[in-house]
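**Student:** Let me begin by handing over the structure; questions about it come next.
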Number of protein chains: 2
Amino acid sequence: MSKLVIVGTVAFDAIETPFGKTDKILGGAATFIGLAASQFNLDAAIVSVVGSDFPKEYLNLLSSRNIDISGIEIVKNGKTFFWSGRYHNDMNSRDTLVTELNVLADFNPVVPKDYRDAEVVMLGNLHPMVQLSVLDQMETKPKLVVLDTMNFWMDNALDDLHKVIKKIDVITINDEEARQLTGEYSLVVAARKIQEMGPKYVVIKKGEHGALLFHDDNVFYAPALPLEEVFDPTGAGDTFAGGFAGYIARTEDTSFENMKNAVIYGSTLASFCVEKFGTQRMISLKADEVHKRLQQFKNLTQFEIVLD
Amino acid sequence: MSKLVIVGTVAFDAIETPFGKTDKILGGAATFIGLAASQFNLDAAIVSVVGSDFPKEYLNLLSSRNIDISGIEIVKNGKTFFWSGRYHNDMNSRDTLVTELNVLADFNPVVPKDYRDAEVVMLGNLHPMVQLSVLDQMETKPKLVVLDTMNFWMDNALDDLHKVIKKIDVITINDEEARQLTGEYSLVVAARKIQEMGPKYVVIKKGEHGALLFHDDNVFYAPALPLEEVFDPTGAGDTFAGGFAGYIARTEDTSFENMKNAVIYGSTLASFCVEKFGTQRMISLKADEVHKRLQQFKNLTQFEIVLD
């Protein structure tokens, strides 16, 4: 089993969907990634920052899942990063209502000493310079570096983003972001262009339409589980990434064939995440529920054609 | 091997895409369905109507593929149905430029005597009353009736459409049409509501995002093959339906497990259809190319997770 370092936000979210709204609840990319990865009973550490307003119970929750929180800086008299958003009726788009960076504005990540030899590094969505700083602190070359990012950094820090993209193995972005990053409409062409930028593996997330994994001329497609309703999509992409990285760390196998499984695990965990507000479903999630849904994924996609 | 009856348009199309435009070329739902089904070397018959302006070589082309054309009425001094459309840059939407019904306006389908005991009936997109008339002419109850339709009939002949939907086994429609037919956004809920209308099997086509097959609580998902570019989407849905119905007729197995294979065959054939204008690619398509692409579909979707 490999060690996993996760960098990303630990935050408060306030969410509105057609089904209801929340007050400030636990959120943040690293939180969702950590909760997903913890399904694999890994040695994982989160590198992040919160303010002194951040409830101790949330930190305890992460610790209780074998997540090392010594890399989560607590800024005295600081306020925790806060995001608020409202989803549209189709759940495929949202408006950001509030973004308060707070302690995130001056965040200097510090990777715990014990984790500077981690084999798997998951760079959650954050400023690319923060992601780069985490990579620079690694004392041994990780077996696999996975990066998640979003259009905000393409709009506001593209040069920095390219610096970190050069140094990673796997990138996970959504379809529109892949198109924006490359100027190509075809996802096949976009994935090829992104591979030329650095990462040998490209995962394109298409929300309810599933995810594509590209490597050289190979493609793998994992559908999203067709759901009666999506209650709250917040964190689904992070959960996918956490499931992906966690599965690789657990299996210590970075082959393309095994990455297919990692994509399936990521999709499986994401399918739970959207069932309730925020982290609620991921916190209550049990291993047997995951296994049952993996079987559903098999039924959903596996077929037996006899080629005559 | 079962006999297959196909009803649908045999037509002229004129197509504009970002890659170019065509004059009047061979088109029509029944043409695409027939060409796809002919990959299985079936006994198939097309029931349709054309004008005396319809080239003999097109009819010969269908005959040469073992398609019985005795049910294609040729109206003397009549003009063949003509459709012209222009695709937008994203290829996911199009404007209809011209629709000339011509001989289609007074079409009375006549199923050839030899095919009134066909085991599989494919009702291609047409006025629901024409589809119903074909069903009424069957002298033995078919093992499987597949219906393809579109939003136009939901807007203009909904009562008639419901009459035929009641009598079929499988419906193939696209995602927006499934939503329109049921008033439900969730495709899972929409598929359930459609099953309550009659067909026990519901195939929802999502274009570049693949297709879903629903039956009771079972779901199967076939992705579309990720393509560098889609040259011309015309006929892809019909080709999918023809591949589906043709595979069922060939294998004589209407189980859900075998329908999964039928969906994969439909997707495979549709992935060829879009590579060239109109029927061009389907006409040149060879069996070994199909087999090779089926293998690509397997690589695209099959995985081996060991559940621990």
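The values are calculated or read from the model by the stated rules, or taken from the named source; none is laboratory data. Keep in mind it's a predicted model, so treat the numbers as computed, not measured. Don't worry about glycine lacking a Cβ; one is built from the backbone with ideal geometry, like all the others, and counts go over all protein chains shown.
**Student:** Which count do you get for residues in segment A:227-260 that are outside any helix (DSSP H, G or I), over 22 Å from A:Leu300 (Cα atoms) and in contact (Cβ under 8 Å) with a residue 40 or more places away in the chain?
**Tutor:** Of segment A:227-260, the ones outside any helix (DSSP H, G or I) are A:227-235, A:252-255.
Going one step further and asking which of them are over 22 Å from A:Leu300 (Cα atoms), we end up with A:232, A:234-235, A:252-255.
Add one more test, that the residue is in contact (Cβ under 8 Å) with a residue 40 or more places away in the chain, and what stays is A:232, A:234-235, A:252, A:254.
Qualifying residue count, segment A:227-260: 5.
Quick grid of which residues meet (1) without any contact (Cβ under 8 Å) to a residue 12 or more places away in the chain; (2) of a type outside the set (Asp, Glu):
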| site | (1), (2) |
| --- | --- |
| B:Leu4 | no, yes |
| B:Thr17 | no, yes |
| B:Ala29 | no, yes |
| B:Glu57 | yes, no |
| B:Asn60 | yes, yes |
| B:Asn66 | no, yes |
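**Student:** Pairs only if they're at least six apart or on different chains, beta carbon under 8 angstrom, first in segment A:70-90 and closer than 24 Å to A:Ile15 by Cβ, second part of a loop (DSSP other than H, G, I, E, B) and among the β-branched types (Val, Ile, Thr); list them, first residue then second.
**Tutor:** Final answer for the pair search is A:Ile72/A:Val10; A:Thr80/A:Val10; A:Phe81/A:Thr9; A:Phe81/A:Val10; A:Gly85/A:Thr234.
**Student:** Hey, another quick one. Out of everything in segment A:46-68 that is in contact with a Ser or Thr (Cβ under 7 Å, 6 or more places away or on another chain) and buried (at least 21 other Cβ atoms within 10 Å of the Cβ), what residue ends up being farthest from A:Ser2 (Cα to Cα)? Spell out the reasoning first.
**Tutor:** Of segment A:46-68, the ones in contact with a Ser or Thr (Cβ under 7 Å, 6 or more places away or on another chain) are A:48, A:50-51, A:53-54, A:65-67.
Still in the list and also buried (at least 21 other Cβ atoms within 10 Å of the Cβ): A:48, A:50, A:54, A:67.
Details: A:Ser48: 20, A:Val50: 27, A:Phe54: 29, A:Ile67: 14 Å.
If we take residues in segment A:46-68 being in contact with a Ser or Thr (Cβ under 7 Å, 6 or more places away or on another chain) and buried (at least 21 other Cβ atoms within 10 Å of the Cβ), then A:Phe54 is farthest from A:Ser2 (Cα to Cα).
**Student:** Further question: So for segment A:105-118 (the condition being farther than 16 Å from A:Gly235 by Cβ and of a type in the set (Val, Ile, Thr)), does at least one residue qualify?
**Tutor:** Within segment A:105-118, one or more residues are farther than 16 Å from A:Gly235 by Cβ and of a type in the set (Val, Ile, Thr).
**Student:** Moving to a separate point now. So, in segment B:261-304, how many residues would count as being within 12 Å of chain A (Cβ to nearest Cβ), surrounded by fewer than 18 Cβ atoms within 10 Å (Cβ to Cβ) and without any contact (Cβ under 8 Å) to a residue 24 or more places away in the chain?
**Tutor:** Of the residues in segment B:261-304, 8 are within 12 Å of chain A (Cβ to nearest Cβ), surrounded by fewer than 18 Cβ atoms within 10 Å (Cβ to Cβ) and without any contact (Cβ under 8 Å) to a residue 24 or more places away in the chain.
One line per residue, one yes/no per condition, for (1) buried (at least 17 other Cβ atoms within 10 Å of the Cβ); (2) of a type in the set (Phe, Trp, Tyr); (3) closer than 30 Å to B:Ser133 by Cβ:
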| residue | (1), (2), (3) |
| --- | --- |
| B:Ser186 | yes, no, no |
| B:Val189 | yes, no, no |
| B:Lys200 | no, no, yes |
| B:Lys205 | yes, no, yes |
| B:Asp217 | no, no, no |
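**Student:** Another question about this same structure. Given segment B:108-225, what strands (runs of 3 or more DSSP E) lie entirely inside it while holding 1 or more residues that are within 14 Å of chain A (Cβ to nearest Cβ) and in contact (Cβ under 8 Å) with a residue 60 or more places away in the chain? Give the steps one after another, and end with the answer.
**Tutor:** Values: elements: B:120-123, B:144-148, B:170-174, B:201-205, B:211-215, B:218-222.
Passing ranges, in order: B:170-174, B:201-205, B:218-222.
**Student:** In addition: Is it the case that B:Ala45 is in contact with a Phe, Trp or Tyr (Cβ under 7 Å, 6 or more places away or on another chain) and modelled with pLDDT of 95 or more? Spell out how you get there, then give the answer.
**Tutor:** Details: in contact with a Phe, Trp or Tyr (Cβ under 7 Å, 6 or more places away or on another chain): yes; modelled with pLDDT of 95 or more: yes.
So B:Ala45 fits the description; yes.
**Student:** Scan segment B:18-45 for residues that are among the β-branched types (Val, Ile, Thr) and surrounded by fewer than 22 Cβ atoms within 10 Å (Cβ to Cβ) and report the count. Don't jump to the end; show me each part of the working.
**Tutor:** Taking segment B:18-45 first, the residues among the β-branched types (Val, Ile, Thr) are B:22, B:25, B:31, B:33.
Okay, now just the ones that are also surrounded by fewer than 22 Cβ atoms within 10 Å (Cβ to Cβ), so B:22, B:25.
Of the residues in segment B:18-45, 2 are among the β-branched types (Val, Ile, Thr) and surrounded by fewer than 22 Cβ atoms within 10 Å (Cβ to Cβ).
**Student:** If you take the residues in segment B:226-251 that are hydroxyl-bearing (Ser, Thr, Tyr) and either within 14 Å of another protein chain (Cβ to nearest Cβ) or surrounded by fewer than 24 Cβ atoms within 10 Å (Cβ to Cβ) (or both), which one is nearest to B:Ile194 (Cα to Cα)?
**Tutor:** The residue in question is B:Tyr247.
**Student:** Any chance you could count how many residues in segment A:198-217 are of a type outside the set (D, E, K, R) and at pLDDT below 95?
**Tutor:** 3
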